[in-house]
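Okay, so here's the structure we're looking at.
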Amino acid sequence: MMKRKLMVCILLMISAVSLWAQVIGQTVATVNLTKTVGITKRQVDQRFEELREIGSRSGIPADSISRDQVVDALISEILIRQAAERDNISVDQESLESIIEQQKREVEAQLGRTLSQQEFSEIIKQETRYTWTEYRDQLETQLLQQSYITQKKRSLFESINPPTQPEVEALYRENATNFTNPEYVRISHVFVQIANKTESDAEAARNKIDEARKKLQSGEMSFDDLVLKYSEDEKSKFRGGDVGFLTVDNQQIRSVYGRDFVNKVFALDKGEVSGIIESNIGFHIVKITEHQRPKILDLNDPIAPDNPTTVREYLRNRLYQQRQQQVLQQATQEVIEELRAEAEIVRYE
């Protein structure tokens, strides 16, 4: 019986030593500023593959990212997180939500439609391979790093000089041909839907838009009156049928409405009202409220028909952001060097 107990103890000791060896073997580094945190090989491999995938989509060569760089980045993240906790610096959740909402609006602007939260989450997953929780965690980590660095190196950021007018004008001259607007129109319409309707319903829609056209031609009703009485576009109905700006190179508009609709709309002059134009989704009577030809933009021109920011303002912001980025890199390097000097960092081969 004594021999059996001794054998069990030996086996337990061997198992414990083996398990400890596996854990040590998986740990590539430990970091201790306020407490010891390990970095595992699995974490490094996962971040390494994430960065390679993101880099490949951005045209960055795969061999430009090394595992050593990934380990250094993970060490820096841990140092800043522990330092921020030590110094009572945290992420403002309202700021985090604001950044997420801003990113959602930017995606919606690119797609030309409003997204549900589920749709936005799916797009994030497709583009980044992150789950929604991982995506939020990554943003929160970035925001925490920026908050800590800007607070600790406030004097560097306050010393940034705003761009001068000669600097803005010189940058414009170097890039003038990049600032162009394609041909665009602004339209209002009376719209009657036919998408997903039966043949008889589509015929009724045709009769409805034809009745509206006749009342406009006879002068019985104005265009604005037609919109209120006949249009089925609820979003534009109470603003005179105004849909906004369409650019001639907008492929999504061509896909939704059809090439023939776009070509007929752009053939109209400012102030002109069309006859009945059929699109992929319904019948329209279109009024052109603006029609601009392609042009190279001047410094004081808006950068887009629906964006009041001028080229001058855009370039000034761009130059200032470049300077901010340079200062951020300098501040980050200084902060990391200072925290490394305070911390105990061990890297395993």
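Values in this text are rule-based calculations from the coordinates and carry no lab data. For clarity, every value in this text was computed on a predicted model and none was experimentally measured. Cβ sites come from the backbone with ideal geometry, for glycine too, and all protein chains shown count toward neighbours.
Worth pointing out:
- Peptides ranked, highest mean first, by Cβ atoms within 10 Å: ranges 337-348, 30-41: 30-41, 337-348
- Of the chymotrypsin sites (Phe, Trp or Tyr not before Pro) found in segment 132-190, not one falls in a DSSP loop while having at most 14 other beta-carbon atoms within 10 Å.
- Couplings 3J(HN,Hα) for segment 231-237, derived from phi with the Karplus relation 6.51 cos²θ - 1.76 cosθ + 1.60 (θ = phi - 60°), are 5, 9, 8, 5, 5, 9, 4 Hz, where x marks Gly and Pro.
- Per residue, the average separation of C-alpha pairs within less than 8 Å and at least 6 apart gives segment 183-293 a relative contact order of 43 percent.
- Cα long-axis angle, helix 199-218 against the chain (0 to 90 degrees, to the nearest 10): 60
- Per-residue ellipticity at 222 nm computed for the chain from its helices equals -19500 deg cm²/dmol, with DSSP H segments shorter than 4 residues left out and the rest contributing -39,500 (n - 2.57).
- Anchor LYS208: aspartates and glutamates whose Cα lies under 18 Å away (excluding residues fewer than 8 positions away in-chain): GLU199, GLU220, ASP224, ASP225, GLU232, ASP233, GLU234, GLU278
- Answer label for log10 I(q)/I(0) by the Debye sum over Cα atoms at q = 0.10, 0.14 Å⁻¹ (calculated), chosen among [x] -0.89, -1.25; [y] -0.59, -1.14; [z] -0.83, -1.17: [x]
- Inter-site label distance for TRP132 and GLU234 at 7 Å from Cα along Cβ, in nm: 2.5
- Estimated distance in nm for a label pair at GLU140 and ARG340, the labels positioned 7 Å out from Cα along Cα-to-Cβ: 2.8
- Simple rule: put +1 on each Lys or Arg Cβ and -1 on each Asp or Glu Cβ in the chain, find the dipole, and look at VAL273, LEU74, THR128; the Cα lying farthest toward the positive end is LEU74.
- Greater than 32 Å apart at Cα, pairs in LYS215/LYS264; LYS197/LYS295; LYS104/LYS153: LYS197/LYS295
- Charges were assigned to the Cβ only: +1 to each Lys and Arg, -1 to each Asp and Glu. The resulting dipole of segment 183-293 about its Cα centre is roughly 140 debye.
- Positive-end extreme of charge dipole, the chain - chosen from VAL248, PHE223, LEU51 (charges on Cβ): LEU51
- In segment 241-328, trypsin sites (Lys or Arg not before Pro) in a DSSP loop with at most 13 other beta-carbon atoms within 10 Å: LYS270
- Once the Cα atoms are used to define both axes, helix 41-57 deviates from the longest principal axis of the chain by about 30 degrees.
- Cα shape, segment 183-293, gyration tensor, a/c 1.5 rule: oblate
- Lys/Arg +1, Asp/Glu -1 at C-beta; segment 150-226 dipole; positive extreme among PHE191, PRO166, SER155: SER155
- The magnitude of the dipole of the chain, with charges of +1 and -1 set on the Cβ of Lys/Arg and Asp/Glu and taken from the Cα centre, is near 920 debye.
- For the chain, relative contact order (Cα pairs under 8 Å, six or more residues apart, normalised by length) works out to 22 percent.
- Translational diffusion of segment 60-139, estimated by Stokes-Einstein from the Kirkwood radius over alpha carbon pairs at 20 °C in a medium of 1.002 mPa s, is 141 µm² per second.
- The long axis of helix 2-26 is offset from the longest Cα principal axis of the chain by roughly 50 degrees.
- Filtered GluC sites (Glu not before Pro), segment 209-279: DSSP coil and at most 16 other beta carbons within 10 Å: GLU220, GLU232, GLU234, GLU272
- Full-extension gain in nm, VAL256 to ASN88, via 0.36 nm per residue minus C-alpha separation: 55.3 nm
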